[in-house]
């Protein structure tokens with residue numbers, strides 16, 4: 001028998017909020033990259049294949065505004081900037097792992113890889 005989830009307006013609103021916060025192709029891959037520890041901008045660019053510097057900058061600002069990423073500027077010359085996930089973002093780990101696993105299984109089912 002198929003699993004069911006209680007559906008009500010509160011649940012739908014919560015899903016819409018989550019989707020709005022994490023919308024787009026890049027936010028979850030960025031968070032997944034940062035789940036391995038603090039990184040500099042170019043490190044994230046190398047790990048998140050295909051993202052432009054402009055898009056990464058925009059997405060990092062959005063994630064910071066939603067308290068999912070912390071930006072730290074170090075007093076060096078030139079300035080060093082690192083990004084890391086927040087404790088709030090760590091609450092997404094189970095979601096990211098589930099999406100990763102589902103995506104791997106889906107890829108195998110659809111294209112056999």
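The values are calculated or read from the model by the stated rules, or taken from the named source; none is laboratory data. The shown structure was predicted, so the numbers you read here are calculated from the model rather than taken from an experiment. Here the Cβ is made from the backbone with ideal geometry for all residues, glycine too, and neighbour counts use every protein chain on show.
Couple of notes before you dig in:
- Top-ranked residue in region 1-32 [being modelled with pLDDT under 90 and not in a helix (DSSP H, G or I); ranked as farthest from residue 67 (Cα to Cα)]: 1
- The set of residues in region 1-33 that are more than 18 Å from residue 98 (Cβ to Cβ) and either touching a strand residue (DSSP E or B) at 6+ places or on another chain (Cβ under 7 Å) or in contact (Cβ under 8 Å) with a residue 24 or more places away in the chain (or both) comprises 24, 26.
- In region 95-113, the residues that are farther than 15 Å from residue 28 by Cα reach residues that are assigned to a helix (DSSP H, G or I) and modelled with pLDDT of 90 or more with C-beta atoms within less than 8 angstrom, at least six apart or across chains, in these pairs: 113/107.
- Close contacts from region 63-84, counting a first residue that is at positive phi and a second that is at pLDDT 95 or above and surrounded by 11 or more Cβ atoms within 10 Å (Cβ to Cβ), with Cβ to Cβ under 8 Å and a gap of 6+ residues or different chains, come to 67/86; 67/88; 67/89.
- Complete set of residues in region 62-85 that are closer than 22 Å to residue 20 by Cβ and surrounded by fewer than 12 Cβ atoms within 10 Å (Cβ to Cβ): 65
- Selection of region 33-52 for residues being in a strand (DSSP E or B) and more than 22 Å from residue 87 (Cα to Cα) yields an empty set.
- Every residue from region 91-113 that is farther than 15 Å from residue 22 by Cα and surrounded by fewer than 10 Cβ atoms within 10 Å (Cβ to Cβ): 109, 110, 111, 112, 113
- Residue list for region 34-49, restricted to those being in contact (Cβ under 8 Å) with a residue 12 or more places away in the chain and under 12 Å from residue 60 (Cβ atoms): 34, 39, 40, 41, 44, 48
- So residue 88, is it part of a loop (DSSP other than H, G, I, E, B), surrounded by 11 or more Cβ atoms within 10 Å (Cβ to Cβ) and out of contact with any strand residue (DSSP E or B) (no Cβ under 9 Å at 6 or more places or on another chain): no
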